[in-house]
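What follows is calculated from the coordinates using simple rules that are stated; it is not laboratory data. Small disclaimer: the values here were computed from a predicted structure and weren't measured. In this analysis, Cβ positions are derived from the backbone assuming ideal geometry, glycine residues included, and neighbour counts consider all displayed protein chains.
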Amino acid sequence: MALSKAQQAVPLLSVSKLTKLFGSFAACNGIDLEIAPGEIHALLGENGAGKSTLVKMLFGVLQPSEGQISFEGRPVTITSPGEARTLGVGMVFQHFSLFEALTVAENIALSLDPKIPLAKIADEAASLSKAYGLPLDPNAHVADLSVGERQRIEIVRALLQNPKLIILDEPTSVLTPQEADRLFETLFKLRAEGRSVLYISHRLEEVRRICDRATVLRHGKVTAPAIRSRRRGLAGAHDGWRRGGRDSPGRRSSAW
């Protein structure tokens, strides 16, 4: 999935002044965000900062009150998760939507074209899970799987739809350190293929380790979009977050 220089120059996802109102409360207030092709981009913030509301708009679960979403340089309106997937956006929610009485393949089939034979889905899921270091038995019942294995189902289900952007909502909150390491290797592989990842987290050590850039939200606003310096690392991330969030809500930090 090699990217030309022209493709790299255009943001995969661009969000301008995106706002979501619930009554008079602004859960997201004028958010600007750009994600480049082949980038792992962190979305940071405390609980209630607006992270979940933002990604739900990007995935078509919620509709913006104001603002514009553009994908590959084109303005788009995403009215449903189905439209998001067709566009090239996949999402793995923090809380899984799996049926324990069904097999891995049967759960994956629920989000795909019903005309696709289950045997084909099982074969493709097994092949894809192996290729990305996410081993799964497509015939296993979900009730018999660990939390980490259940997350793999959600990731493989998203990957089977060949997304250009994958949104991960607090993906390591339910994982062991070993499972998290395996997930990171998968994300590096996706990035190497030219895919982008929007990685929602509040764990700065993880962000320092795997993300190229990050955007920080506080009270529904962007406070500190930070650019990773590979020479200097992300040692200033925490301080920049605190300064931007507590002392000057509109302040931007150009480096972590």
*Does region 97-139 hold any residues that are over 16 Å from E149 (Cα atoms) and of a type in the set (A, V, I, L, M), and which are they?*
A109, L110, L112, I116, L118, A119, I121
_What's the total number of residues in region 151-186 that are of a type in the set (S, T, N, Q) and not in a helix (DSSP H, G or I)?_
5
*For region 62-91, which residues satisfy the criterion of being in a loop (DSSP other than H, G, I, E, B), surrounded by 12 or more Cβ atoms within 10 Å (Cβ to Cβ) and of a type in the set (S, T, N, Q)?*
Q63, S65, S80
_For S111: the one exception among (1) among the small types (G, A, S); (2) part of a loop (DSSP other than H, G, I, E, B); (3) in contact with a strand residue (DSSP E or B) (Cβ under 9 Å, 6 or more places away or on another chain)_ = (3)
*Looking at region 163-188, which of the residues that are under 16 Å from the mean Cα position of the chain (by Cα) and among the acidic types (D, E) is surrounded by the most Cβ atoms within 10 Å (Cβ to Cβ)?*
D169
*Looking only at residues in region 103-120 that are touching a residue at least 40 places away in the same chain (Cβ under 8 Å) and either among the polar types (S, T, N, Q) or in contact with a helix residue (DSSP H, G or I) (Cβ under 6 Å, 6 or more places away or on another chain) (or both), which one is nearest to D137 (Cα to Cα)?*
V104
*Determine, yes or no, whether S65 is in contact with a strand residue (DSSP E or B) (Cβ under 8 Å, 6 or more places away or on another chain), of a type in the set (S, T, N, Q) and more than 19 Å from L165 (Cα to Cα).*
yes
_List pairs: first residue in region 68-81 and within 17 Å of T19 (Cβ to Cβ), second residue surrounded by fewer than 16 Cβ atoms within 10 Å (Cβ to Cβ) and of a type in the set (S, T, Y) anywhere in the structure, Cβ distance under 9 angstrom, at least six positions apart or on different chains._
Q68/S16; I69/S16; I69/T77; S70/S16
*Give the residues of region 201-219 that are surrounded by fewer than 22 Cβ atoms within 10 Å (Cβ to Cβ) and either more than 16 Å from the chain's Cα centre (by Cα) or in a helix (DSSP H, G or I) (or both), sorted by residue number.*
L204, E205, E206, R208, R209, I210, R218, H219
